[in-house]
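Written below as structure tokens is the structure these notes are about.
Throughout, read-outs are computed from the coordinates displayed, never taken from laboratory work. Keep in mind it's a predicted model, so treat the numbers as computed, not measured. No Cβ is skipped: glycine too gets one built from the backbone with ideal geometry, and neighbour counts run over all protein chains shown.
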Amino acid sequence: MPVVGVTGHSNLTDRSIEIVRHEMIDRLRSRSDGLVGMTCLARGADQAFADAVLELGGVLEVVVPASDYFTAISDPVSRERCDEYLRVASGTVTMPHETSGPAAYLSASKYLIDRCDVLLAVWDGSPPTGGGGTADAVAYARELGRTIDVVWPEGVVRS
């Protein structure tokens, strides 16, 4: 089964999230037979990926960066979405961090990248900051020689 992981910007506009989701469906369609999608379920790119994987009949595996990751979500709609993804996930693993933050995010990204065959990166090409973000995850995937499929279709912008 192909394992596809995702990393991506969380601060996408609503319109950009829809563009990205459609692009992901197109790119994942050829891998949809037995597709396993690994995600941390962050808002933006990760949740668009989760929706695409489920729409294609794949299964989700969730990597939770820290013990407080989901309890820190204050928006009830976002929290409900995460609860639903967790209900349908085939498995979850929680990193050994108590609180969310750059170290926890990078740890989760590395765990995900170590286990995926392909990394979809919803990334505008901005340089790494060392803060555990998308560019840091892409840099780590490059170090490992992972296949990276950058998703940044025309019209996508960060908010």
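Touching a helix residue (DSSP H, G or I) at 6+ places or on another chain (Cβ under 6 Å), touching a residue at least 60 places away in the same chain (Cβ under 8 Å) and buried (at least 17 other Cβ atoms within 10 Å of the Cβ) - does that describe any residue in region 82-100? No: region 82-100 contains no residue that is touching a helix residue (DSSP H, G or I) at 6+ places or on another chain (Cβ under 6 Å), touching a residue at least 60 places away in the same chain (Cβ under 8 Å) and buried (at least 17 other Cβ atoms within 10 Å of the Cβ).
Can you go through Ser16, Ser10 and tell me which one is assigned to a loop (DSSP other than H, G, I, E, B) and surrounded by 15 or more Cβ atoms within 10 Å (Cβ to Cβ)? Checking each option against the conditions leaves just Ser10. Tyr105 meets the stated requirement of being under 12 Å from the mean Cα position of the chain (by Cα), within 26 Å of Trp152 (Cβ to Cβ) and either surrounded by 18 or more Cβ atoms within 10 Å (Cβ to Cβ) or touching a residue at least 40 places away in the same chain (Cβ under 8 Å) (or both). Yes or no: region 21-32 includes at least one residue that is over 20 Å from Val151 (Cβ atoms) and either in a helix (DSSP H, G or I) or of a type outside the set (Lys, Arg) (or both). The answer is no; no qualifying residue exists. Scanning region 16-41 for residues that are under 20 Å from Ser90 (Cα atoms), of a type outside the set (A, V, I, L, M, F, W, C) and touching a residue at least 60 places away in the same chain (Cβ under 8 Å) turns up Arg31, Thr39.
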